[in-house]
Amino acid sequence: MPRPWSEQRKRRLSALQAAGRRPDAIAAALGLRRDQVVARLKLMAAWERNRENFAKAMRKRAQARRARGQKAVAGMKKAMAKGMPRNRAIAKAYDAGATWREIGQHFGITAEAASAAGRRFRTRSSRRSMTTRKRRLRA
């Protein structure tokens with residue numbers, strides 16, 4: 001069954017509604033049933049009402065994400081100042097919420113290079129923990 005609301009029909013619906021046409025006239029022009037047109041008009045009205053709330057929520061999420069990243073990078077700086085190895089600090093900053101791009105910008109490297117540094121720490125630490133487990137099993 002074809003979908004009744006292609007992008008072209010949505011544009012035509014908006015134009016016909018803006019021109020002041022009634023739902024039954026719009027339905028006839030689009031080749032749809034009146035109830036389909038009424039339901040779509042209600043959906044469009046609800047979206048318009050919620051658009052600002054949605055945009056506000058997205059801005060709030062982005063702001064919280066940026067704050068988390070900045071805090072993680074600041075923690076990484078402190079940890080490195082105290083002597084933590086660079087790759088370990090990078091991995092911890094990523095785990096704390098910084099993006100690879102933010103970490104890379106701090107060091108003046110690409111996001112890919114920052115990601116590779118974080119992976120190097122993880123693979124080395126996982127090898128060490130496996131060696132430790134093997135020793136424990138032998139004992």
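Values in this text are rule-based calculations from the coordinates and carry no lab data. All values reported here derive from a predicted model rather than from experimental measurement. Because the Cβ atoms are built from the backbone with ideal geometry, glycine has one as well, and the counts that use them run over all protein chains shown.
Considering only the other residues whose Cβ falls under 12 Å of the Cβ of PHE107, what net charge follows from Lys and Arg at +1 and Asp and Glu at -1?
Spelling it out: positives minus negatives among the neighbours equals +2.
Counting Lys and Arg as +1 and Asp and Glu as -1, each charge on the Cβ, what is the dipole of the range 9-105 about the Cα centre in debye, to the nearest 20?
Dipole size: approximately 220 debye.
Among (1) 10, 26, 18, 12, 9, 7, 6, 5, 4, 2, 0; (2) 11, 23, 14, 12, 14, 15, 8, 3, 0; (3) 10, 32, 33, 19, 5, 0, which one is P(r) over Cα pairs in 10 Å bins from 0, in percent computed from these coordinates?
Here P(r) over Cα pairs in 10 Å bins from 0, in percent agrees with entry (2).
Which net charge results when you count Lys and Arg as +1 and Asp and Glu as -1 among the other residues whose beta-carbon is under 13 Å from that of GLU52?
+4
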